[in-house]
Amino acid sequence: MAVPLLQKRNTIHIVFFASIFLITQITGLLLSLVICFILKDFTWGFLRMALENSFMLGLALVGSCTIAQRFALQMKPVYIALISFSLLLGSCIISFFIVFFSEPTVFIYYDRGAEAFLFVNFLFIVALYIIGSGSIMYREIMVEKEKAIGTERFLKNQMEMKLLSSRINPHFLFNTLNMILNLLKQPEKAETAILNLSDLLRENLEHSNKLSIPVAQEIENAEKYLEIQKLRFAERLVYDIKLDAQFPIPPLIVQPLVENCIKHNIQNGPPLTIEIRVFTDDDRNCISIIDSNKGVLPSMLNLGQGLTITKKRVENSNGTFVIQNGGIEISFKNAASLEQQ
């Protein structure tokens, strides 16, 4: 996305520079015609002299505005103004000698008109430079401020994401250790649970500094968690996972939601079935998590940390978190949709 933005910015600069150059040419032509009209005398030599002078000063103006744009954030404005004014003044002097030697008769027989044109045209170019360079420097400063604010927001967002994630990990570890404690009378199951737990902890440690991981890895971690819980609840817990898409997501998003399903529903009624679906719907990558009790309600968001923190992390990653039909659907815009924006 940065490349299209940079191309758009460069295009704006090119259009701006081309516009001010065109303005100088049109103004020079009109000014020469106005002077001819006032003096009631018209010569083609005077018109050629005016266009040559406007062309050189137009190039100098574009160069001065380019300097203002390139060094707006690296030099003090007074230094940029001095350099640019020197460029304009030097171009004006060079232009004077060029037009003097190319059209000497104009200065001999049309001296008042030529002098008036050169003076007024130079003042107009200086005024146009002040307006143009001022707008360019203001825009560059504002763009840089927006970048700084955007970077600050990004860093703040990532810090918040890590803090929220770190609040989930101890909660999961506490519940899992309690479950293993209940399995100590069954050594084989306890050993399997410990091995799965060690794998999960290793994965979480490796992913702690990552902004995103493949959804397949996240689903694999959730499946390991479900295998641990399956050891405890046996036939009372059934799960079904369908992975039909591949895309990146923030780590530790699915597991807390699965944990929430088990925590609130495993003790009630018939065996609990948890369904996890990963799919693509139009321009969005989706993850659906629902259990057979379908008991997840929007009002539950503020009752515990699991749902609330996960919702916050999804939203911080520009995703959507929706509770509907007793289940949860998480979605993110896919890469093609983001590129179009």
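The values are calculated or read from the model by the stated rules, or taken from the named source; none is laboratory data. This structure is a prediction, so every number in the text was calculated from the model and none was measured. Ideal geometry is used to build each Cβ from the backbone, glycine not excepted, and the neighbour counts take in all protein chains shown. With ligands, DNA and RNA removed, areas are computed over all heavy atoms of the protein, side chains included. Shrake-Rupley method; radii C 1.70, N 1.55, O 1.52, S 1.80 Å.
Packing here is the average count of other Cβ atoms within 10 Å per residue, and on that basis the peptides 249-258, 320-329, highest first, run 249-258, 320-329. Taking amide H as placed 1.01 Å from N in the peptide plane, the amide H of K333 sits under 5 Å from that of N285, each at least 5 places away or on another chain. Across the accessible surface of the stretch 47-89, with the other protein chains kept in place and a 1.4 Å probe, carbon and sulfur atoms take up 72 percent. Cross-link check: pairs K147/K312; K76/K333; K145/K333; K242/K312 evaluated at a Cα-Cα cut-off of 32 Å; pairs beyond the cut-off: K76/K333. 3J(HN,Hα) couplings calculated from phi for the stretch 67-79 with the Karplus curve 6.51 cos²θ - 1.76 cosθ + 1.60 (θ = phi - 60°) are, in sequence order, 4, 4, 6, 6, 10, 4, 9, 10, 10, 5, x, 5, 5 Hz; Gly and Pro show x. 3J(HN,Hα) couplings calculated from phi for the stretch 80-85 with the Karplus curve 6.51 cos²θ - 1.76 cosθ + 1.60 (θ = phi - 60°) are, in sequence order, 4, 5, 5, 4, 5, 5 Hz; Gly and Pro show x. Among the trypsin sites (Lys or Arg not before Pro) within the stretch 208-239, those in coil by DSSP and having at most 13 neighbouring Cβ atoms inside 10 Å are K210. Amide H to amide H, with H built 1.01 Å from N, T273 comes under 5 Å of V238, S292, N293, counting only residues 5 or more places away or on other chains. Which lysines does K263 reach when only Cα atoms under 19 Å apart count, and residues fewer than 8 places away in its own chain are ignored? Qualifying lysines at Cα under 19 Å: K224, K230, K294, K311.
So, R0 is 51 Å and r is the distance between the beta-carbons of F97 and R139; what FRET efficiency does that work out to, to 0.05? Spell out each step's value before the answer.
Working: r = 36 Å, r/R0 = 0.70.
Here the calculated transfer efficiency is 0.90.
Within the full protein context, the accessible area of T192 is estimated at about 60 Å² for a probe radius of 1.4 Å.
Sorting 90-96, 181-187, 12-18 by average packing, meaning the other beta carbons within 10 Å per residue, from highest down gives 90-96, 12-18, 181-187. Whole-Hz Karplus values for the stretch 238-253 come out as 10, 9, 9, 10, 10, 10, 10, 7, 10, 6, x, 9, x, x, 6, 9 Hz, taken residue by residue from phi with 6.51 cos²θ - 1.76 cosθ + 1.60 and θ = phi - 60°; glycine and proline positions read x.
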